[in-house]
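Note sheet for the following structure.
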Amino acid sequence: MPDVTFSAAIIKDDHKGGWTYLRWAESVSVLGTRKPVKVTGTIDGFAFQATFLPWGDGTHILPIKAATLKAIRKQAGEVVDVCLDEKL
């Protein structure tokens, strides 16, 4: 997979124990599947490894760990730049 970049707003599920994540509308066409996809890359320059999870509406979500949010100094509602290096 060649490097892929996109920008997305951070979303926080307000339910107790809810996730913080990014939703990527073009994920299925770029990743080539509606199944989970493990990736590496950066969020605002901070390296991460995670799994894009199918959302059921033809998109994927990318959960973001609290440590990543702290490192990039961003919170829900703010936009981040994502660069995907490779599928694992």
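Structure above, values below:
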quantity	calculated
Distance histogram for the chain (every C-alpha pair counted, 10 angstrom bins, percent rounded to whole numbers)	17, 56, 25, 1
Environment charge at Gln75 (Cβ cut-off 14 Å; Lys +1, Arg +1, Asp -1, Glu -1)	+1
Under the Debye formula (equal points on every Cα, no solvent term), log10 I(q)/I(0) of segment 35-78 at q = 0.27, 0.31 Å⁻¹	-1.01, -1.11
Segment Ser7-Asp81, length gained on full extension (0.36 nm per residue, minus Cα span)	26.2 nm
Neighbour-count order for Trp24, Trp19, fewest beta carbons within 10 angstrom listed first	Trp19, Trp24
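No lab work stands behind these numbers, since they all come straight from the coordinates. Every value quoted in this text rests on a predicted model; they were computed, and no experiment measured them. Positions of Cβ are generated from backbone atoms using ideal geometry, with glycine treated the same way; all protein chains shown enter the neighbour counts.
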